[in-house]
Amino acid sequence: MAYNHYILTCGGTGCESNKGAEIYQKLVAEADKQGVKAEVQIVKTGCFGFCEKGPIVKVLPEESFYVGVIPEDAQEIIAEHILKGREVKRLLYKEDEQKKIPDSVEDIQFYQKQVRVVLRNCGVINPENIDEYIAREGYSGLEKVLFEWTPEQIIEEMKASGLRGRGGAGFPTWLKWDLARKAQNDTKYVICNADEGDPGAYMDRSTIEGDPHSIIEGMITAGRAIGAHQGFVYIRAEYPLAIERLRIALKQAEEYGLLGKNILGSGFDFDIEIRLGAGAFVCGEETALIKSVEGNRGMPVPKPPFPANKGLWQKPTIINNVETLANIPVITAKGGAWLAKIGTEKSKGTKVFALTGKVKNSGLVEVPMGTTLREIIFEIGGGIKDGKKFKGVQTGGPSGGIITEKNLDTPIDYESLTAMGSMMGSGGMIVMDEDDCVVDVARFYMEFCVDESCGKCSPCRIGTTQILHLLEKIANGNGEESDLEKLNNIGTAMTKASLCMLGGSAANPTLSTIRNFRDEYLEHIHDRKCRSGKCKKLVSFSIDPVKCIGCGVCAKKCPTNCIVAEDASKYPDRKRPPYIIDQSACLKCGECMKACKFSSINKA
C-alpha cells in the first residue's frame, strides 16, 4: 500500500523514557481522528542517534526533522503537516549558532561527517518488522553465504574487509573465525557479546533495539564460516527493550525459514538462544562470559587455550560483540573490499561512539576510522557546553585513558589510541570540561573497577583497592608526592600481571591523568586545593560579612543547618547581622552559594 507520508518516531530507550511511546500512540490516534489514517504510515523506529534533541519525529518525503517533541504536539503535526502540507516550524531542528533550518537531515552538522554502516537501519526501519529489514538488502548476503561461498570464501571476504573486533581488543575477525574453523570438533558455538558495561556506553543496546536482524544475520554467517550450528546472545537483563525486540526478531526469522533446521533449503542448521547476564562488568571478558553462559560464576580463566579452540563447554567457540556482527551483513552483501575502502590502513571501516559528557550534542556517532577527536567533539558534537574550556576526553570507559587537547588532532584508530595511553574499547567517549577534576574522575573509575573486579587474581583484587585508597588519600588532602610513584608502580604491575583486561587496564585512567595532569595532582597534595571543587574535603565555603545583608536565605537552604546568624551585639550599626558557616558541620554541597543573590558566599 502506498502512503502520502511516513512518520518515523524514535523508539529507542532514551526517547521511550521521555514519553516516546506516548508520542507514537498520540500520532496514531490523531491520524485516525483527523481522517488521514489511510494516507500516512506511522512507524516506531530505533534510535536516530541525535539523543541530545530527542524525542525525534521525522516526516517523509519532506525529511522534516522535528526535535524535542512532546505528546501534545501530535495533533498539530497531523493537522498542519499531514492535512495542510505545512511544516510545524517551531519543532524543526535549527543549528544553534545561525538558528538556520537545514534543508535536509544530511545537512545537519551532527550527521555531516558520519558514515552509517552499523547504524544504517537505526531510525529508518521498524525493528519489529522483518520485511522492512529485507527491503533494505537484509539477508541478501546470507544467500551467498548459504549457496555460493564455501566457509573458506566467507573468511576470505572477512579478511579482505579488514574488520577487527569492535569490542575493544581489535583482533582481526577473519583470523578468529579461521582458528575456530580449523579446530577439529563436531560441535562448535557462536556467541554474541551484548554485555555492554562501560559507564556512558549504549552503542550495542541501540543497535539491537534498532536493527536486531543484522545481529542474527551476522551470527548465522559466522556459524556457517566455522561450522557451528548453535548461537547464543549474551545480553544484560537491564536491556529489556533490546531483549524484547531481539526475541521478536528471532521468532520472525524462524517463521521465515532463516533459523532452525535446513535454512532456506540449504542443508545448514543454525539456532540462536538468548542468555541473560546479571550486569557483571567482568563478563565482558570472553572467558568470564563463557563461564556465565555455562551457568557458573562469571570469572576469567587463563589463556591459552583460547576459546576458538576450547570455549563454551570446552568446544571451539567464537565471540564477537554486537557492533562487529552488525558489520557482517554489509560485508557479505557488498563485499569485503567495499568496507576496506573506509578507514585507515590498519583500521578499516567505521566505529560507533557514544558521545556523552560536557558536549553540546550528545548521542550515537558513527564515523570512519581515522576521524580525529577534534572532528567528533567540536564539529559533530558541537563543542563544549556553556562556553566552558575543553579539558580532556576519555575513550574506552573504565579501561581507557584521558586524552588532552594536544592530541585532539590524532586520527582515531586502535594503534593511535593505545599510543596515547588510552584504548578504543567498545566505544564510550566521555568529554570533560574545566570544571572536572582528574583526581575525582580517576577515583570514580577505580571505585567502579573495585566493585566489578571478580577478585580471582591478586594483581586486580589488591591493586585496584590500593590505587583507590591512594586516590582517596590525595582527594582528602592527605596525599604525599611519593604517592604518585606508588600509583605508577601499582598500575604498571597490574597491567602486566592481571589475569584479564579488567585488571590489565583498570589503572589506565589513573596513569594517564598522572602523566597528563601532574600539576593538578601536585596541587591537591601540596596546596590541599581542588580547583574544580569536586574533592569535597578540599573545599570550604565562607560568607563575606560585608556583602551579606543578613536575609537568611542561605540558612534556609542548608540541609545540615550549619549556617547561623552572627551575634547581633557585634554589629550594632546593622539592622541584621551577617551569617556564618560552621565548617565542622558543612557538607560542602554548595546549596548556600546557589541560593545567595548577593554573591556574598565564597568557595575556596
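Of all residues in region 235-269, how many are in contact with a Lys or Arg (Cβ under 8 Å, 6 or more places away or on another chain) and surrounded by 23 or more Cβ atoms within 10 Å (Cβ to Cβ)?
3
Which one of these is buried (at least 22 other Cβ atoms within 10 Å of the Cβ) and modelled with pLDDT under 95: GLY85, GLY54? Lay out the reasoning, then the answer.
Details: GLY85 fails: buried (at least 22 other Cβ atoms within 10 Å of the Cβ).
After ruling out the rest, the residue left standing is GLY54.
Looking at GLU273, GLU254, GLU238, GLU244 in this structure, which one is at pLDDT below 95, at negative phi and of a type in the set (Asp, Glu)? Can you show your working first?
Numbers: GLU273 fails: at pLDDT below 95; GLU254 fails: at pLDDT below 95; GLU244 fails: at pLDDT below 95.
It is GLU238.
Looking only at region 528-586, which residues are small (Gly, Ala, Ser) and part of a loop (DSSP other than H, G, I, E, B)?
So the first thing to find is which residues in region 528-586 are small (Gly, Ala, Ser), and the list is 532-533, 540, 542, 550, 552, 555, 565, 568-569, 584-585.
Scanning region 528-586 gives SER532, GLY533, SER540, GLY550, GLY552, SER584, ALA585.
Which residues, taken from region 431-463, are within 26 Å of LEU289 (Cα to Cα), of a type in the set (Val, Ile, Thr) and touching a residue at least 12 places away in the same chain (Cβ under 8 Å)? Before the answer, list the steps.
Here is the first cut: in region 431-463, the ones within 26 Å of LEU289 (Cα to Cα) are 444-463.
Subsequent filtering for residues that are of a type in the set (Val, Ile, Thr) retains 450, 462.
Matches in region 431-463: VAL450 only.
One residue is enough: does region 459-475 have a residue meeting the conditions in a loop (DSSP other than H, G, I, E, B) and more than 21 Å from the chain's Cα centre (by Cα)? It would help to see each step written out before you state the result.
Step one: list which residues in region 459-475 are in a loop (DSSP other than H, G, I, E, B), which gives none.
The answer is no; no qualifying residue exists.
So which of ILE70, ILE56, ILE108 is out of contact with any Ser or Thr (no Cβ under 6 Å at 6 or more places or on another chain) and either free of Cβ contacts under 8 Å to residues at least 24 places away in the same chain or farther than 21 Å from VAL367 by Cβ (or both)?
Values: ILE56 fails: either free of Cβ contacts under 8 Å to residues at least 24 places away in the same chain or farther than 21 Å from VAL367 by Cβ (or both); ILE108 fails: either free of Cβ contacts under 8 Å to residues at least 24 places away in the same chain or farther than 21 Å from VAL367 by Cβ (or both).
After applying the criteria, what remains is ILE70.
Conditions: (1) touching a Leu at 6+ places or on another chain (Cβ under 8 Å); (2) assigned by TED's automatic domain parsing to the domain that holds ILE328. LEU119 meets all but one. Number of the miss?
LEU119 satisfies all of (1) touching a Leu at 6+ places or on another chain (Cβ under 8 Å); (2) assigned by TED's automatic domain parsing to the domain that holds ILE328 except (2).
List pairs: first in region 560-580 and on the phi > 0 side of the Ramachandran plot, second surrounded by 14 or more Cβ atoms within 10 Å (Cβ to Cβ), Cβ under 9 Å, 6+ apart or cross-chain?
Listed by first residue and then by second, the contacts come to ASN561/ALA555.
Here is a list: THR207, THR221. Which entry is in contact (Cβ under 8 Å) with a residue 60 or more places away in the chain, in a helix (DSSP H, G or I) and under 21 Å from GLY14 (Cα atoms)?
Numbers: THR221 fails: under 21 Å from GLY14 (Cα atoms).
None of the others qualify; the one that does is THR207.
Mind checking whether some residue in region 499-513 is without any contact (Cβ under 8 Å) to a residue 40 or more places away in the chain, under 26 Å from the mean Cα position of the chain (by Cα) and crowded, with 20+ Cβ neighbours inside 10 Å?
no
Residues that are among the charged types (D, E, K, R): list the strands (runs of 3 or more DSSP E) wholly contained in region 28-109 that include at least 1 such residues. Please lay out each step first, then the result.
Working: elements: 40-45, 57-60, 64-66.
By residue number, 40-45, 57-60.
Quick check on GLY279: is it touching a strand residue (DSSP E or B) at 6+ places or on another chain (Cβ under 6 Å) and at positive phi? It would help to see each step written out before you state the result.
Numbers: touching a strand residue (DSSP E or B) at 6+ places or on another chain (Cβ under 6 Å): yes; at positive phi: yes.
Yes, satisfied.
Could you give me the residue pairs with C-beta distances under 7 Å whose first residue belongs to region 543-558 and is at pLDDT 90 or above, whose second residue is of a type in the set (Val, Ile, Thr) wherever it lies, and which are 6+ apart or on separate chains?
Every condition considered, the pairs that remain are ILE543/ILE580; ILE543/ILE581; ILE543/ILE601; CYS554/ILE563; CYS554/ILE601; ALA555/ILE563; ALA555/VAL564.
Any idea which of LEU163, LEU142 is among the hydrophobic types (A, V, I, L, M, F, W, C), at pLDDT 95 or above and over 27 Å from the mean Cα position of the chain (by Cα)?
Numbers: LEU163 fails: over 27 Å from the mean Cα position of the chain (by Cα).
Result: LEU142 is the single residue among LEU163, LEU142 that is among the hydrophobic types (A, V, I, L, M, F, W, C), at pLDDT 95 or above and over 27 Å from the mean Cα position of the chain (by Cα).
Select, from ASP435, ASP409, the only residue that is in a loop (DSSP other than H, G, I, E, B) and in contact with a strand residue (DSSP E or B) (Cβ under 6 Å, 6 or more places away or on another chain).
Values: ASP435 fails: in contact with a strand residue (DSSP E or B) (Cβ under 6 Å, 6 or more places away or on another chain).
Result: ASP409 is the single residue among ASP435, ASP409 that is in a loop (DSSP other than H, G, I, E, B) and in contact with a strand residue (DSSP E or B) (Cβ under 6 Å, 6 or more places away or on another chain).
Going through PRO300, PRO368, PRO329 one at a time, which residue ends up being buried (at least 24 other Cβ atoms within 10 Å of the Cβ), at pLDDT 95 or above and of a type outside the set (A, V, I, L, M, F, W, C)? It would help to see each step written out before you state the result.
Working: PRO300 fails: at pLDDT 95 or above; PRO368 fails: buried (at least 24 other Cβ atoms within 10 Å of the Cβ).
Criteria check complete, one pass: PRO329.
Quick check on region 92-120: of everything there that is at pLDDT below 85 and over 20 Å from GLU62 (Cα atoms), which residue is surrounded by the most Cβ atoms within 10 Å (Cβ to Cβ)?
Result: ASP96.
Across region 421-432, what is the total count of residues that are more than 23 Å from GLY162 (Cα to Cα) and not in a strand (DSSP E or B)? Spell out the reasoning first.
Of all residues in region 421-432, those more than 23 Å from GLY162 (Cα to Cα) come to 421, 429-432.
Then drop every residue that is not not in a strand (DSSP E or B), which leaves 421.
So the answer is 1.
So which residues in region 3-41 are farther than 28 Å from GLN112 by Cβ and among the β-branched types (Val, Ile, Thr), if there are any at all?
Within region 3-41, VAL28, VAL36, VAL40 qualify.
Does region 15-26 contain any residue that is without any contact (Cβ under 8 Å) to a residue 40 or more places away in the chain, outside any loop (DSSP other than H, G, I, E, B) and crowded, with 22+ Cβ neighbours inside 10 Å?
Yes, because at least one residue in region 15-26 is without any contact (Cβ under 8 Å) to a residue 40 or more places away in the chain, outside any loop (DSSP other than H, G, I, E, B) and crowded, with 22+ Cβ neighbours inside 10 Å.
The values are calculated or read from the model by the stated rules, or taken from the named source; none is laboratory data. In this text, all values refer to a predicted model and were calculated from it rather than measured experimentally. Counting neighbours? That spans all protein chains shown, and the Cβs are built from the backbone with ideal geometry, glycine included.
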